[in-house]
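Only the coordinates and a few stated rules stand behind these numbers; no lab work does. Predicted, not measured: the structure shown is a model, and the values here were computed from it. So basically every Cβ, Gly included, is an ideal-geometry build from the backbone, and we count neighbours across all protein chains shown.
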Amino acid sequence: MSEKILSVDGLMMQFGGLLAVDSVSFDVRKNEIFAIIGPNGAGKTTVFNCVSGFYKPTAGSITLNGKAIAGHPSHKVAQHGLVRTFQNVRLFKHLTVLENLLVAQHTQIKSSLLPGLLNLPSYRRSEKKALNNAVKWLDFMGLRQFANREAGNLSYGHQRRLEIARCMITNPCLLLLDEPAAGLNPQEKKDLADLINQLRNEFDMSVLLIEHDMSLIMGISDRILVMEHGKPIVTDKPEAVRTDPRVIKAYLGEE
Amino acid sequence: MKNITSAFLAAVLTGIMIVPIFGLQLERKGINTEIVPHWSIVLWGMLIVFAVQLVKPYLFKKRPGVRFNLPRVPTLNPKSTNLLLGLVFVAAIIWPFFSGRSQVDIATLVLIYVMLALGLNIVVGFAGLLDLGFVGFYAVGAYTYALLYHWAGWGFWEALPLAGVVSAFFGFLLGFPVLRLRGDYLAIVTLGFGEIIRLLLINLYEFTGGPDGISGIPKPTVFGYEMTRKASVEGAQTFHQLMDWKFSTMDVVIYLYLMALVLAFITLIVSNRLVRMPIGRAWEALREDEIACRSLGLNPTRIKLSAFTLGATFAGLGGAFFAARQGLVNPESFTFIESALILAIVVLGGMGSQVGVILAAIILTVLPELARQFAEYRMLIFGLVMVLMMVWRPQGLLPVKRPQVEIPNE
């Protein structure tokens, strides 16, 4: 059993009278692809928002690499190495593809005002490094030819890939993907599955994802958490989840 | 036929609208006030509206392709841009020596506005934070110098950096409460802030001189030598005595102009560098999508504060210079209309576009000076220009071609 990157314990999120997430517990191990599935409105994205710091959970603990991060503001959480993508892609649409990747390196660039204003060698070095890093990821994602285009003009599939590249360039330890396959065609879905596998194998990444596309999920996940009405039903391997009667009931209803 | 009906309707509406304004005028007859109807004005108004409405469709139909196509900034490589910039700078240095006093004076004013607008451009254009109280920081800068002179006898050069620092501090202070706000809400709060500063300046009578302000503020010295006819301290040398020149007030005007030029130039260079730096990229990213920024670990609080602080710094420097130039500061110079004017310059020039902002500063400062005889209609023309601009060219005179980092494809 490898070490845990993220562990969520007894997570609860209440919006007024609505209990959106009710005592959800799971953990993501190092180098694991962990998926959360469930019918619409099951509270998957709410879990994501709590974990990534966009919501302050009502109760429960979230631990990332041994550090408690529940209730931390989202940019702090991201600085700890947990970055996410969004269900509806959130790129900086009017910045170029390259600039999207440069902005993402903001926290790594040790920049103070004066060296930049005077264009000192130290500043030029750090800019050069950021640029090389960005180019590396553009090549990796096959987006090099679009580098100088506005990000908003890319095709949807490319936008998705850019968003993932933008996360990866921050050197995260855990990647959260919120429905990464939504809106992709079959070929792009296949590429996405390959990409996620590649990120895990080559970059030693741990991935937590939400997805509706069952073939994708079953193909790449190591373990799956199934949620319904804000509650966790099962956490298990794909084969076990596929045949679990409770899961079938949640998705198809009872006869 | 449809045209005639709509034109007729428009004319009737005009009639209804202008009867109370133009049609019925109050005239004083002895101790009584009488309502005197002026129907001819109303009828003329209706007739004009009717005629215009009638021909309007044809006017627009005939020239479907008419659009105001102002020149784009030609894309130059960095080397020729620098060369051009240098040439303009040199020309701007030489020019006042062959020019009249009032022209140089107006040019100095233009340069102050260039500086202010470039400062506001950081906040509004780059970071996308609508700031309606920018004049507050301008006032802080001006009063910092004025008060330091008045209470402590500081000279301009000692006070200038401090004016920048104090304004930056105020920008920082304002930044805190407004961090959670965006758009309209932010605009209202900053508007309030500008007014608070002005009202404070009026009401702290003992300290700031209230509505009278502070006068007798000395002009900047040249390396410690005064630029005046007679030295203020007995036995001291003035700059002219040192150089063995004959004193002329024109020299002072030119000196102030050159100083404004240098300050504006520095502002331009600095803000130009800032956009290309990581902080500039972060501003633009924040303007685009705050949530995405946060998800990447960018701290929105710090980024916004830096924009406010840097923008305010430039306003403060401009303010200190303004105080030195006028020799007098009072709260009257820092009303909301100044904020509106600076914002108008930024919007007219094209938000985020530095060349556009400079151009707009020239237009909006020089035009009213040229059209002095129409002074009464100044605000009217001003409003009209803004409306027309928003209709025909909402992106500004010279829409920004963002400085992009480019890499060759493959």
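Average the reciprocal distances over every distinct pair of alpha-carbons in chain B, invert the result, and give the Kirkwood radius in Å.
On the way: mean 1/r = 0.0410 Å⁻¹.
This gives a value of 24.4 Å.
Under the combined filter of DSSP loop state and at most 16 neighbouring Cβ atoms within 10 Å, the stretch B:202-297 retains these trypsin sites (Lys or Arg not before Pro): B:ARG229, B:LYS230, B:LYS246. Just the number: Rg to Rh for the protein assembly as shown, Cα atoms, Kirkwood Rh, two decimals. With Rh from the inverse mean 1/r over Cα pairs, Rg/Rh is 1.07. Across all Cα pairs in the stretch A:31-121, the calculated P(r) in 5 Å bins from zero up to the longest distance comes to 2, 10, 15, 18, 18, 14, 10, 6, 3, 2, 1, 0 percent per bin. Compactness ratio for chain A: Cα radius of gyration over 2.2 N^0.38 Å (N = residue count) comes to 1.06. In loop segments of the stretch A:29-138 as defined by DSSP, there are no chymotrypsin sites (Phe, Trp or Tyr not before Pro) with at most 15 further C-beta atoms inside 10 Å of their C-beta. Computed on the stretch A:94-171, with alpha-carbon pairs under 8 angstrom and 6+ residues apart, the relative contact order is 50 percent.
Sort out the exposed loop chymotrypsin sites (Phe, Trp or Tyr not before Pro) in chain B (DSSP loop, at most 13 other Cβ within 10 Å) and tell me the longest stretch that has none.
Details: sites that count: B:PHE68, B:PHE223, B:TRP245.
Formally, the longest exposed-site-free interval is B:246-410.
Apply 1/(1 + (r/R0)^6) to the Cβ-Cβ distance of B:SER80 and B:ASP244, taking R0 = 41 Å, and write down the FRET efficiency to the nearest 0.05. For R0 = 41 Å, the calculated efficiency reads 0.45. Converting phi to 3J(HN,Hα) with the Karplus coefficients 6.51, -1.76 and 1.60 and the offset θ = phi - 60°, the stretch A:150-163 yields 5, 4, x, 8, 6, 5, 4, x, 5, 4, 4, 5, 5, 5 Hz in sequence order, with x at every glycine or proline. Distance between the C-alpha centers of the stretch A:2-61 and the stretch B:1-63? Whole Å please. Using only Cα atoms to place each centre, the spacing works out to 66 Å. For B:LYS246, a cut-off of 12 angstrom between C-alpha atoms picks up no aspartates and glutamates at all, skipping any fewer than 8 places away in its own chain.
Net charge in the neighbourhood of A:ASP178 (other residues with Cβ under 12 Å of its Cβ; Lys, Arg +1, Asp, Glu -1) is +1.
Here the 3J(HN,Hα) profile of the stretch B:133-139, calculated from phi with Karplus coefficients 6.51, -1.76 and 1.60 at θ = phi - 60°, is x, 4, 4, x, 6, 4, 4 Hz, Gly and Pro shown as x.
Cross-link check: pairs A:LYS190/A:LYS237; A:LYS136/A:LYS190; A:LYS110/A:LYS136; A:LYS110/B:LYS304; B:LYS79/B:LYS304 evaluated at a Cα-Cα cut-off of 25 Å; pairs beyond the cut-off: B:LYS79/B:LYS304. Around the amide H of A:GLN108, modelled in the peptide plane, lies no amide H under 5 Å away from a residue 5 or more places distant or on another chain.
Suppose R0 equals 56 Å. What FRET efficiency, 1/(1 + (r/R0)^6) with r the Cβ-Cβ distance, do B:SER40 and A:ASN88 give to the nearest 0.05? Let's see the in-between values first.
Working: r = 62 Å, r/R0 = 1.10.
With R0 = 56 Å, the Cβ-Cβ based efficiency is 0.35.
Expressed to the nearest 5 percent, the antiparallel share of DSSP beta bridges inside the protein assembly as shown is 65 percent.
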